[in-house]
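Every number in this text was worked out from the coordinates using simple rules, so none of it is lab data. Just so it is clear, the structure is predicted and the values come from calculations on it, not from any experiment. Because the Cβ atoms are built from the backbone with ideal geometry, glycine has one as well, and the counts that use them run over all protein chains shown.
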Amino acid sequence: MARKARRNAEAVQGKRSEAVLKEVERLEKVLDIAKTNTERQGGRFVRPSKEDLIRHIRGEASSASPFFTGLGWWPNSVPRGGTLHAQFYVYNPDPVGHGSLFVSLTFGPTNYISDSGISLTARDQRWAVYSTPYFVLAPSGSYAATFDVEIPTTIPASGYQGGAFLWKGNYFGIGTLFQRALLDFVVT
């Protein structure tokens, strides 16, 4: 297992600069369209900088791959009982595929706590936990995780945060967390 991980890391880091820049250019085109569509809905879209995308694709970023390339959500202000729409874009820069992947979405101040396990204990219990079905990413593959979140009617009007977790499940052991992401919005 360690040998396979080392070969994978060497292959990712061995990508030539031209190939990496082409990959980033292709990703940026897709993300530009997603950003435009999200903003047309009255929402927000965030994504890593070009430099961060390059670092992720080269395998130099602090988080393992696959990784979040962007996220969008709308509306920015949602009434109690309304629906918040969120999309998380995931990309696999590796020369090998990844299976047993999930994106899970919780609510509460989970993002600032560095230990992911402990951060889940800070989730706001008034909100449901959402998760994608199992998905697979081929080499250079992408996936858009979409959630339609029902806003609880019993919560006060306030600012809220959503915390997304991109992770790989392990049916007979402990899964692997690849990355976390944050969205924020207002409930009226």
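Per-residue packing, averaged as other Cβ atoms within 10 Å, sorts the ranges 178-187, 134-143, 47-56 into the order 178-187, 47-56, 134-143, beginning with the highest.
Label zone of Val46 (point 7 Å out along Cα→Cβ, amide N under 14 Å): in the stretch 97-127 this covers 108-113. Using 7 Å Cα-to-Cβ label points, what is the Ala122/Tyr171 separation (nm, one decimal)? Once both label points are built, they end up 3.4 nm from each other.
Three principal axis extents of the stretch 71-118 based on alpha-carbon atoms, in descending order, are 44, 25, 16 Å.
With R₀ set to 45 Å, the beta-carbon distance separating Ala138 from Val186 gives a calculated FRET efficiency near 0.75.
Treating each Cα of the stretch 31-127 as one equal point scatterer and applying the Debye formula with no solvent, the log10 of I(q)/I(0) at q = 0.21 Å⁻¹ comes out as -1.27.
In percent, rounded to a whole number, the relative contact order of the chain is 22, using alpha-carbon pairs under 8 Å and six or more apart. In order along the stretch 127-142, the phi-based Karplus estimate (6.51 cos²θ - 1.76 cosθ + 1.60, θ = phi - 60°) of 3J(HN,Hα) comes to 9, 6, 9, 10, 8, 6, x, 3, 9, 10, 10, 6, x, 6, x, 9 Hz; Gly and Pro are listed as x. Rounded to the nearest whole angstrom, the semi-axes of the ellipsoid equivalent to the chain, taken from the Cα gyration tensor as √(5λ), stand at 30, 20, 13, largest first. The stretch between Glu18 and Ser77, if pulled fully straight at 0.36 nm per residue, gains 17.1 nm over its current Cα-Cα span. In the chain, helices alone account for a calculated mean residue ellipticity at 222 nm of -8500 deg cm²/dmol, with every DSSP H run of four or more residues adding -39,500 (n - 2.57). Quick check: net charge around Leu31, other residues with Cβ under 14 Å of its Cβ, Lys/Arg +1 and Asp/Glu -1? Counting the neighbours of Leu31, the net charge comes to 0. What you get for the stretch 69-182, charging only the Cβ of Lys and Arg (+1) and of Asp and Glu (-1), is a dipole of about 120 debye around the Cα centre. Annotation for the stretch 23-41 versus the stretch 146-188: alpha-carbon center distance of 22 Å.
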